[in-house]
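Below is one structure, written out as structure tokens; the observations come after it.
The values are calculated or read from the model by the stated rules, or taken from the named source; none is laboratory data. Please read these numbers as outputs of a predicted model, since none were measured by experiment. With ideal geometry, Cβ positions are generated from the backbone for all residues, glycine too; neighbour counts draw on all protein chains shown.
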Amino acid sequence: MTNQVQKACIEACNACAVSCLQCVAGCLKETDVKAMAQCIALDLECAEICRLCVSSMARNGECMKEICVLCAKVCDLCAAECAKHAHAHCKDCAAACKRCAEACRAMA
């Protein structure tokens, strides 16, 4: 059974994963894709850890709190990278990553 904090974290992680994948798609359409390589890499890593976090929380996994801690760390890194870029998809992603990191810290 999930509680309100867990439900909020699941929603934040799902939203973050979607935002990260939208950022990847946006980065790939930029003129200088090479300049976006680190952003793309962190977007992909963040989306994956967010999905793992959701999966672990949904089943009340043994390591869900530890996964939430790691998810918050990856979200912080992704938010910092996305914040370096002026593109709307990066700004949206940075905001989603910040919300997710906060929710994951609340879970941990």
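The residues in segment 40-60 that are out of contact with any Cys (no Cβ under 6 Å at 6 or more places or on another chain) and closer than 19 Å to His87 by Cα can be counted, and the count is 2. Confirm whether Glu81 is closer than 16 Å to Glu30 by Cβ, surrounded by fewer than 23 Cβ atoms within 10 Å (Cβ to Cβ) and either at pLDDT 95 or above or of a type in the set (Gly, Ala, Ser) (or both). Yes; evaluated as a whole, the condition is true for this residue. Of the residues making up segment 60-92, those that are touching a residue at least 40 places away in the same chain (Cβ under 8 Å) and closer than 12 Å to Cys13 by Cα are Cys68, Cys71, Cys75.
Results for (1) under 10 Å from the mean Cα position of the chain (by Cα); (2) at pLDDT 95 or above; (3) buried (at least 19 other Cβ atoms within 10 Å of the Cβ), shown as yes or no for each residue.
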site: Gln22; (1), (2), (3): no, yes, no
site: Ala37; (1), (2), (3): no, yes, no
site: Ala47; (1), (2), (3): yes, yes, yes
site: Ser55; (1), (2), (3): no, yes, no
site: Val69; (1), (2), (3): no, yes, no
site: His85; (1), (2), (3): no, yes, yes
site: Cys93; (1), (2), (3): yes, yes, yes
site: Ala96; (1), (2), (3): yes, yes, yes
site: Ala106; (1), (2), (3): no, yes, no
